[in-house]
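K.L.:
I'd like to ask you about the structure that follows.
Coordinate-derived values only; no laboratory data. If you're wondering where the values come from, they're calculated on a predicted model, not measured in any experiment. Counting neighbours? That spans all protein chains shown, and the Cβs are built from the backbone with ideal geometry, glycine included.
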Amino acid sequence: MKPALSPTIRPRGHLRLATEETAHGGASGIQLSGVSKTYRSREGDVPSLRPLDFHINEGEFFVVVGPSGCGKSTLLKMISGLLPPSTGEIKVEGVPVTKPHGNVGIVFQSAMLLPWRTVLSNVMLPIDMKRLPRDKYLPRARELLKTVGLEGFENKLPWQLSGGMQQRASICRALVHDPKIMLMDEPFGALDAMTREKMNVELQRIQRETGKTVLLITHSIPEAVFLADRILVMTERPGAIAAIYDVPLPRPRTLDIMADPLFIALTQTIRQHFSSQGALD
Amino acid sequence: MAEPAVMAKGSRLLNAAWIRPFLFLVLIVAAWDLSIRLFHIPAYQIPAPVDVVKVLWTDWPELLSQSWPTTYATIAGFLLSALFGIPAAMLIAGSKTVESYVYPLLVFSQSIPKVAIAPLFVVWFGFGILPKVICAFLLGFFPVVVSAVQGFKSVDPDMVDLARAMQGSRTNVFLAINLPHAMPAIFSGLKVSITLAVVGAVVGEFVGSNSGIGYVMQRSIGTFDLPTMFAALVILALLGVILFWVVDRIERLVIPWHSSQRADIVIAA
């Protein structure tokens with residue numbers, strides 16, 4: 001696969017484009033081959049995603065950056081099995097995705113906690129949906145809430161929590177059934193800048209501790225570089241791969257890493273994709 | 001928590017829920033009495049409040065026994081509109097096909113005046129309780145459907161996706177997400193429905209019945225017995241208020257989590 005890059009924005013020096021060599025193929029992780037999506041509407045077909053080919057390794061933190069309406073959320077829905085691709089095939093753990101497979105945890109921009117359920121009961125939602133034994137997973141749900149600092153809030157209702165706390169609870173909900181993959185659609189987009197940075201550090205820790213494969217969609221380039229092992233840059237609608245970058249920054253990363261020359265160079269390079277395309281809104 | 005506690009204290013002092021409307025009612029009755037005296041309105045046009053109270057006092061047993069058939073018909077009609085209205089709304093909200101066929105007709109049917117077709121029910125079902133129940137049902141049905149459809153449709157699709165991605169079955173997702181989400185809207189529909197069901201039952205009694213508050217009103221107008229007619233109106237208003245209050249109480253029990261009830265939770269906590 002050769003990522004399409006305009007000649008003016010070649011990665012400089014130590015920054016290199018990730019290619020298939022860095023992705024160890026095989027049965028694990030998420031494999032997309034020729035996946036595209038076209039929506040049918042009354043005005044005719046609206047292409048949302050051009051054919052995509054890439055592989056996300058198991059345990060990798062994979063971040064997708066792209067302008068609004070480039071089909072990022074469509075991608076997420078297709079990987080979770082909610083939406084069939086128009087062409088191509090998606091494989092999760094080597095198994096083709098044809099219907100919801102439940103091997104994902106999803107976190108949206110808003111926490112999406114059910115207002116009539118307590119925090120603990122909200123975290124248990126996937127268990128109820130999958131009809132797994134409640135008493136077996138309750139200790140796990142409590143444990144997860146504890147690790148994100150929500151101990152003592154188990155029996156509160158969502159509206160009694162701050163936005164950041166709600167989003168933490170929704171991350172617990174995405175993890176409670178122990179899926180291989182976490183899909184996150186701009187998970188911290190609704191939070192204030194300071195909470196957002198804190199949540200980024202926290203998410204990095206959670207991912208390292210659990211070893212989940214994470215696919216995170218964001219509008220924030222610094223957030224992408226801070227969190228990612230690899231970054232996929234998408235073009236405007238219909239979305240296609242503009243480039244895939246490796247982020248060779250050492251882990252665990254602290255917020256100080258944002259001053260690292262490599263960090264700055266990477267954000268700069270990625271930003272150029274969008275300044276040449278138009279605004280990243 | 002300090003602020004709600006202060007508010008609770010304040011509201012307990014004023015007992016805001018009923019004291020304020022009661023004070024306002026006293027004011028209206030005083031104005032009514034005053035204007036009758038000032039403008040010398042004859043008793044066969046508007047009775048004095050005192051006369052109405054007198055009738056309420058002396059004819060209380062009769063009025064009470066006549067209010068039971070109206071109450072039964074109202075409750076039966078209301079329950080039927082909930083029983084049919086909520087599933088109908090589920091179908092309309094759940095299927096574009098059903099919506100496109102049924103919803104416009106439902107709206108169309110609402111523009112038919114129930115008063116005009118009420119005599120038809122008497123022809124079909126006689127002078128018993130059935131025509132009244134049907135009238136109450138027909139008036140109460142529509143608001144339940146409209147509110148419930150809106151409630152079912154306002155569910156965040158992402159929330160449903162989230163549950164579906166967890167392999168939740170259709171029924172499971174519906175029971176865990178769509179239904180509870182629609183409850184506040186359903187209850188606002190039920191509250192409108194219960195007051196309209198009272199109207200429906202009275203309309204049914206107007207056109208053909210030999211019992212009920214509507215019958216009392218019809219009879220007293222025929223004999224220019226205005227104090228009795230006004231007393232019947234008071235009974236009807238009371239009936240509406242009590243039934244509304246009951247639905248409101250049930251709502252608090254069923255959806256204590258809803259934002260409109262939150263002050264209560266804080267006080268209780």
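K.L.:
Measure up A:Lys99/A:Lys156; B:Lys54/B:Lys132; B:Lys114/B:Lys191; A:Lys212/B:Lys153; A:Lys37/A:Lys130; A:Lys146/A:Lys198 against 26 Å on the Cα-Cα distance and list the ones that go over.
P.N.:
Result: A:Lys99/A:Lys156; B:Lys54/B:Lys132; A:Lys212/B:Lys153; A:Lys37/A:Lys130 exceed 26 Å.
K.L.:
Mind running the shape call on chain B? Use the C-alpha gyration tensor, a ≥ b ≥ c as the square roots of the eigenvalues: rounded below 1.5 for a/c, prolate if a/b tops b/c, oblate otherwise. Kindly include the intermediate steps, with their values, before the conclusion.
P.N.:
Details: a/c = 2.84, a/b = 1.39, b/c = 2.04.
Oblate is the answer for chain B, as a/c is 1.5 or above yet b/c matches or exceeds a/b.
K.L.:
Would you mind counting up the charge near B:Val55? Only other residues with Cβ under 12 Å from its Cβ, with Lys and Arg at +1 and Asp and Glu at -1.
P.N.:
Here the count lands on -3.
K.L.:
Add -39500 (n - 2.57) for each DSSP H run of 4 or more in chain A, then divide by its residues: what number comes out at 222 nm, to the nearest 500 deg cm²/dmol? Before the final figure, lay out each step's value.
P.N.:
Numbers: 8 runs with 88 residues, N = 281.
Computed ellipticity for chain A at 222 nm equals -9500 deg cm²/dmol.
K.L.:
Another question, if that's okay. With bins 20 Å wide starting at 0, give me the P(r) of the protein assembly as shown over every alpha carbon pair, in whole percents.
P.N.:
Each 20 Å bin holds this share of Cα pairs: 17, 38, 25, 15, 4, 0.
K.L.:
A further question follows. Let me check I've understood the local charge: for A:Asp192, count other residues with C-beta under 14 angstrom from its C-beta, Lys and Arg +1, Asp and Glu -1. What total comes out?
P.N.:
0
K.L.:
Using alpha carbons only, how many angstrom separate the centre of region B:193-261 from the centre of region B:158-190?
P.N.:
First find each Cα centre; the distance between them is then 34 Å.
K.L.:
Under the definition of partner shielding as Cβ atoms of other protein chains within 10 Å of a residue Cβ, what is the mean value for peptide B:26-38?
P.N.:
Numbers: counts 0, 0, 0, 0, 0, 0, 0, 0, 0, 0, 0, 0, 0.
Per residue, the average neighbour count from other chains is 0.
K.L.:
Build a GNM of chain A with springs between Cα atoms under 10 Å: which of A:Ile257, A:Ile244, A:Ile270 gets the top mean-square fluctuation?
P.N.:
A:Ile257
K.L.:
Same structure again: Between B:Phe137, B:Phe187, B:Phe39, find the one with the highest GNM mean-square fluctuation for chain B; connect C-alpha pairs within less than 10 Å.
P.N.:
Of the options given, B:Phe39 has the highest mean-square fluctuation.
K.L.:
Which shape class applies to region A:210-281: rounded if a/c is under 1.5, otherwise prolate when a/b exceeds b/c and oblate if not, where a ≥ b ≥ c are the square roots of the Cα gyration tensor eigenvalues?
P.N.:
Here region A:210-281 falls in the oblate category.
K.L.:
If you don't mind, there's one more thing I want to ask. With chain B treated as a Gaussian network of Cα nodes joined by springs under 10 Å, which of B:Val155, B:Val192, B:Val29 yields the largest mean-square fluctuation?
P.N.:
Among B:Val155, B:Val192, B:Val29, the largest mean-square fluctuation in the Gaussian network model of chain B belongs to B:Val29.
K.L.:
Okay, moving on. Calculate how many DSSP beta bridges within the protein assembly as shown are antiparallel, expressed in % of all such bridges and rounded to the nearest 5.
P.N.:
55 percent
K.L.:
Continuing with the same structure: With θ set to phi - 60°, apply the Karplus curve 6.51 cos²θ - 1.76 cosθ + 1.60 along region A:118-130 and write out the HN-Hα couplings as whole Hz, x wherever there is a Gly or Pro.
P.N.:
Working through the residues one at a time gives 5, 4, 4, 5, 5, 4, 7, 3, x, 5, 5, 5, 7 Hz.
K.L.:
Using Cα centres only, tell me the gap between region A:36-103 and region A:181-229 in whole Å.
P.N.:
20 Å
K.L.:
For peptide B:231-244, compute the average count of partner chain beta-carbon atoms within 10 Å of each residue's beta-carbon. Could the numbers behind the result be given before it?
P.N.:
Numbers: counts 0, 0, 0, 0, 0, 0, 0, 0, 0, 0, 0, 0, 0, 0.
Mean shielding by partner chains, rounded to a whole number: 0.
K.L.:
What is the sum of charges around A:Ile56, taking Lys and Arg as +1, Asp and Glu as -1, for the other residues whose C-beta is under 10 Å from the C-beta of A:Ile56?
P.N.:
Combined, the nearby Lys, Arg, Asp and Glu give -2.
K.L.:
Here's something else I'd like to know. Which semi-axes, in whole Å and largest first, does the equivalent ellipsoid of chain A have when worked out from the alpha carbon gyration tensor as the square roots of 5 times its eigenvalues?
P.N.:
So the equivalent ellipsoid measures 30, 23, 18 Å along its semi-axes.
K.L.:
Just to check I understand the Karplus step: with θ = phi - 60° and J = 6.51 cos²θ - 1.76 cosθ + 1.60, what whole-Hz values come out for region B:50-57, glycine and proline as x?
P.N.:
For region B:50-57, the Karplus curve yields 4, 5, 5, 4, 4, 4, 4, 6 Hz.
K.L.:
Can you tell me the order of B:104-112, A:215-223 when each peptide is scored by its average per-residue count of other Cβ atoms within 10 angstrom, highest first? The partial results should precede the final answer.
P.N.:
Values: B:104-112: 11.1, A:215-223: 21.9.
The densest-packed peptide leads the list: A:215-223, B:104-112.
K.L.:
Shielding by partners for A:78-85, please: the mean number of other protein chain Cβ atoms within 10 Å of each residue's Cβ.
P.N.:
Mean shielding count: 2.
K.L.:
Further question on the same structure: Calculate how many DSSP beta bridges within chain A are antiparallel, expressed in % of all such bridges and rounded to the nearest 5.
P.N.:
Roughly 55 percent of the DSSP beta bridges within chain A come out antiparallel.
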